[in-house]
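The values are calculated or read from the model by the stated rules, or taken from the named source; none is laboratory data. Remember, it's a predicted structure, so these values are computed and weren't measured experimentally. When we count neighbours, we look across all protein chains shown, and the Cβ atoms used for this are built from the backbone with ideal geometry, even at glycine. Surface areas here come from the heavy atoms of the whole protein model, side chains and all, with no ligands, DNA or RNA. Shrake-Rupley method; radii C 1.70, N 1.55, O 1.52, S 1.80 Å.
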Amino acid sequence: MEVALTAVRRVAIDAQGFAARARRGTIAEVETAIGRLSCVQLDSISTVDRSHRIALGGRIGAYPADAVSQLLRQGRLIEYWAHEACLLPAEDWPLFRPAMENGGRRWYGAVDKTHPHLREQVLDEIRLRGPLGSRHFEGAARQGEMWGWKPAKQMLELLWNHGELVVAARQGFQRLYDVPERVLPPSVLDAPAPPEPDRLRTLALRAVRARGALTERGIVEHWRLGGGVARIRDAVASLVAHGALQRLTVEDGGAPILVPSGTELDRPRPSAAVLLSPFENLLWDRPFALRTFGFDHLIEVYKPAPQRRYGYYVLPFLWRDRIVGRADLKSERATGELVVRAFHREDGVRASGALDDAFDRALDRLRRVVGLETVRR
């Protein structure tokens, strides 16, 4: 069956669960939204707000600021490496146990060799005192290094990567670590890791359900799986053969698209007007975003100012079934304003009253999520 890119695009948008209008979300809805998305990326930049708050706010509206910390503390969410460091449903802990046994992503260096005594010291301190962050431990960071962590922080990261600690809450954006048995329920901790073929099938199915439509390459990128497409090819073939996924040929002749079996392809145009986080799930697979939306996604926060095309913290603007512009925004918390530094329409998008109204609605919804009083354009 050959499908149009428009149909693929609408399926992908609808799968995200973007709210059509401003609303207020609950803690339970935060948990449900993360489960629906499979994972939500965390990022420390707060120029507008933390990325996960922007992403979740686009789905459920403004929600309690401590919602994620409460869900972490109650053992209903975990943080671990997925696409990047992400919020995940706690019941998915066993899926990531093989990664934990392999040491995670190893940004913590060789602290287990340079300071081996710290492992038990850190664990003993947390067992005695309860959840602690890196600031609770002594030791100076190495000067002049962007990622120059003090040894105790490196050890905390090592223990978290290995699954010997979990993130039990956040104060501001600072992690508080605890031992897993005090946070996660026994049903999660005692569940065995599935055999690798089953684990890959589960991850592939979760990714496609969460994103609505993906290529095999997109599944790999969703979870940042090592081994490339070859690693998941048998898992995808099994899911297609057993009727869980459907493989579609697309009119542009590009790579086939995978959708959950039974997906309705003849859909009305979505109505949402949403400002997307730069780290939005919908845009994780940039070649797919370019193919389906005609949108070349750029993240320019790490570029020197003279090299930026659109601005520092730029949010793509999704309206109906297209990404029609990019908004360079900043939260001025002292004055309670969401400031529009610039808005760049995409090529071929004409100025109109309808576009202005949609952008105003999106800005107003975002400032509610962030907790600001007004928008300044």
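For this structure, a couple of remarks:
- Filtered residues of region 321-367 (kept if within 22 Å of residue 290 (Cβ to Cβ), out of contact with any strand residue (DSSP E or B) (no Cβ under 8 Å at 6 or more places or on another chain) and either surrounded by 15 or more Cβ atoms within 10 Å (Cβ to Cβ) or not charged (D, E, K, R) (or both)): 321, 322, 348
- The residue that is nearest to residue 25 (Cα to Cα), among those in region 43-70 that are open to solvent by 20 Å² or more (accessible area, probe 1.4 Å) and part of a helix (DSSP H, G or I), is 53.
- Which listed residue is at pLDDT 90 or above and open to solvent by 20 Å² or more (accessible area, probe 1.4 Å), from 123, 128: 128
- Of all residues making up region 1-42, the number that are of a type in the set (A, V, I, L, M), surrounded by 15 or more Cβ atoms within 10 Å (Cβ to Cβ) and part of a helix (DSSP H, G or I): 12
- Residues in region 87-116 that are modelled with pLDDT under 95 and either part of a helix (DSSP H, G or I) or within 18 Å of residue 36 (Cα to Cα) (or both): 111, 112, 113, 114.
- The set of residues in region 181-214 that are of a type in the set (Val, Ile, Thr) and touching a Phe, Trp or Tyr at 6+ places or on another chain (Cβ under 6 Å) contains only 188.
- Tally of residues being under 13 Å from the mean Cα position of the chain (by Cα) and among the hydroxyl-bearing types (Ser, Thr, Tyr) across region 53-85: 1
- The single condition among (1) within 21 Å of the chain's Cα centre (by Cα); (2) part of a loop (DSSP other than H, G, I, E, B); (3) loosely packed, with under 14 Cβ neighbours inside 10 Å that residue 290 does not satisfy is (2).
- Filter pass, residue 110 being small (Gly, Ala, Ser) and either under 19 Å from residue 209 (Cβ atoms) or in contact (Cβ under 8 Å) with a residue 40 or more places away in the chain (or both): no
- For region 310-320, a residue qualifies if it is open to solvent by 10 Å² or more (accessible area, probe 1.4 Å) and under 19 Å from residue 9 (Cβ atoms), and the qualifying residues are 319, 320.
- Within region 48-70, residues that are closer than 10 Å to residue 369 by Cβ sit with their Cβ atoms under 6 Å from residues that are open to solvent by 10 Å² or more (accessible area, probe 1.4 Å) and among the basic types (Lys, Arg), at 6+ positions apart or across chains, in these pairs: 61/23; 61/24; 62/24; 62/368.
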